[in-house]
Amino acid sequence: AQAPDNLDAFWLPFTANKAFKARPRLLASASGMYYTDIEGRQILDACAGLWCVNAGHARPRIVEAIRQQVGTLDFAPNFAMASPLPFKLAERLAELAPVDLNHVFFTNSGSESVDSAMKIALAYHRVRGQGQRTRFIGREKAYHGVGFGGISVGGLPNNRKWFGPGLPGVDHLRHTLDLERNAFSKGLPVHGVEWAEELERLITLHDASTIAAVIIEPISGSAGVILPPQGYLQRIRQLCDKHGVLLIFDEVITGFGRVGKAFASQRFGVTPDLMTTAKGLTNGCVPMGAVLVSDGIFETFMQGPDNVIDLFHGYTYSGHPLACAAALATLDTYAEENLFEKAIELGDYWQAGLHSLKGLPHVVDVRNFGLIGAVEFAPRPDAHPGARGFEAFTRAFNEGQMLTRITGDVLALSPPLIVEKAHIDRIFNTLAEIIPKLD
Ligand code: PMP
């Protein structure tokens, strides 16, 4: 493979982050834990693509399932005629998910899952005669994709700033990062549950009867791996119940094993009313997302006076046969190789590696949970925010041949769950080498 000679003319930087306006390194192939670029260099994938290739790249079973499916039934409209695969997959997802979440709405991405979950929440209140419940509460720094709902409830101003005020009626809870920074946290922070009380203030500020739902990433990923203080999510759940507000967990990153269970809600023992997923659902091979919906919400729709089950919401590619085939093969792979358990088995080793970076110059915090890690750097006072993080990312890439993820001054790590101790050693040895050299 060769670089196309028109790259500069057609390359559209898809992020507003100036740091990324560099030309991308072009990839030729991927297998297992590695990418190979068009010059034949191998790159260790320390972030599972974009937190999605949880079973590692180009797994033969998944590849074969997609190949077979495209030659058998390539598309089904899912109205008068449907493929059986989405039904099969929905059943598998309901088995994996927390007990109450037994109904599935298929989408094509995390962003679509978030917008769909918000619409389902609005319709649920309306069918119950509480159509005035239209407000949402998100969190500062949260990332919920780039749909219009997602950028509104999301808490990253950069994602919103070019697009006007966003949806009306959205508030944001304070994030809890400041509680943890400098703590070199081990697992979940012990302090900070009281920060959940702010939810009560926001709910009552506008009158509880106007609030539709609270949306939260159990662990904020794109914001720089912010772990919930112990008891925080439980308290959020209690407050939602008290005020008749739905709780949406955005598990686009935390879903499918990265935290040691299928979903973070199971690891934290808190069940939301709706759960958004994508990424690891198909091991990143085919775009797909899913919203899991509780029995209570589903039954309300079935009994609703407005026949809202006829609400017009669905995508051409909802439950696409190729995506379903990929997802079913992916779930089989996770189960057969016990990949969700690996995040627990390797958790201590992973943590030890990450914590060996404490005390290096510029490092102000490290955070980990399951097979997620974050290294936070002190910002460079003389440079734009995120400059040091970006330098770390670039050095890891160029000097260590290793792909990581960068948000501001936080380097995030989320390797495929097939990672082995030797890869973990390489990840942290590389970082130990490059971090002292940062400006
Ligand atoms: N929610 C969360 C928590 C995410 O991390 C992401 C993507 N990183 C999204 C939603 C959006 O997913 P997608 O990019 O597939 O639209």
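The values are calculated or read from the model by the stated rules, or taken from the named source; none is laboratory data. The model shown is predicted, which means the values in this text are computed figures rather than measured ones. Reconstructed Cβ throughout: ideal geometry from the backbone, glycine too, with neighbour counts over all protein chains shown.
The table below gives the values:
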item: Single residue of region 263-284 satisfying the filter (surrounded by fewer than 24 Cβ atoms within 10 Å (Cβ to Cβ) and part of a loop (DSSP other than H, G, I, E, B)) that is nearest to the ligand (Cβ to nearest atom); result: V270
item: Any hit, region 23-37, residues being at pLDDT 95 or above and closer than 25 Å to F263 by Cα; result: yes
item: Failed condition for A422, given (1) of a type outside the set (D, E); (2) touching an Asp or Glu at 6+ places or on another chain (Cβ under 6 Å); (3) free of Cβ contacts under 8 Å to residues at least 24 places away in the same chain; result: (2)
item: Long-range neighbours under 9 Å by Cβ, at least six apart or interchain, first residue buried (at least 17 other Cβ atoms within 10 Å of the Cβ) within region 90-104, second at pLDDT below 95 and charged (D, E, K, R); result: none
item: The listed residue being surrounded by fewer than 17 Cβ atoms within 10 Å (Cβ to Cβ) and in the same structural domain as W195 (by TED's automatic domain parsing), out of G289, G255, G244, G304; result: G244
item: Unmet requirement for S294, which otherwise passes all of (1) under 19 Å from L85 (Cα atoms); (2) buried (at least 22 other Cβ atoms within 10 Å of the Cβ); (3) more than 13 Å from the ligand (Cβ to nearest atom); (4) polar (S, T, N, Q); result: (1)
item: Of the criteria (1) under 19 Å from K141 (Cα atoms); (2) among the hydrophobic types (A, V, I, L, M, F, W, C); (3) in a helix (DSSP H, G or I), which one A412 fails; result: (3)
item: Odd one out for S111, checked against (1) within 12 Å of the ligand (Cβ to nearest atom); (2) touching a strand residue (DSSP E or B) at 6+ places or on another chain (Cβ under 7 Å); result: (2)
item: Residue among E198, E194 that is touching a strand residue (DSSP E or B) at 6+ places or on another chain (Cβ under 9 Å), at pLDDT 85 or above and charged (D, E, K, R); result: E198
item: Some residue of region 63-84 being buried (at least 22 other Cβ atoms within 10 Å of the Cβ), away from the ligand (no atom under 16 Å from the Cβ), β-branched (V, I, T) and touching a residue at least 40 places away in the same chain (Cβ under 8 Å); result: no
item: Residues located in region 211-243, provided they are in a loop (DSSP other than H, G, I, E, B) and either acidic (D, E) or more than 16 Å from the ligand (Cβ to nearest atom) (or both); result: E217, P229, Q230, G231
item: Failed item, numbered, when R258 is tested on (1) of a type outside the set (A, V, I, L, M); (2) assigned to a helix (DSSP H, G or I); (3) under 16 Å from the mean Cα position of the chain (by Cα); result: (2)
item: Candidate set from region 114-132 (those that are more than 19 Å from the chain's Cα centre (by Cα) and charged (D, E, K, R)); member that is farthest from the ligand (Cβ to nearest atom); result: R128
item: Residue in region 34-65 that is nearest to the chain's Cα centre (by Cα), counting only those that are closer than 15 Å to F397 by Cα and assigned to a strand (DSSP E or B); result: D45
item: Enumeration of residues in region 181-215 that are at negative phi, out of contact with any Asp or Glu (no Cβ under 7 Å at 6 or more places or on another chain) and of a type in the set (D, E, K, R); result: K186, E194, E197, E198, E200, R201
item: Some residue of region 360-370 being in contact with an Asp or Glu (Cβ under 9 Å, 6 or more places away or on another chain), among the β-branched types (V, I, T), outside any helix (DSSP H, G or I) and more than 28 Å from H423 (Cα to Cα); result: no
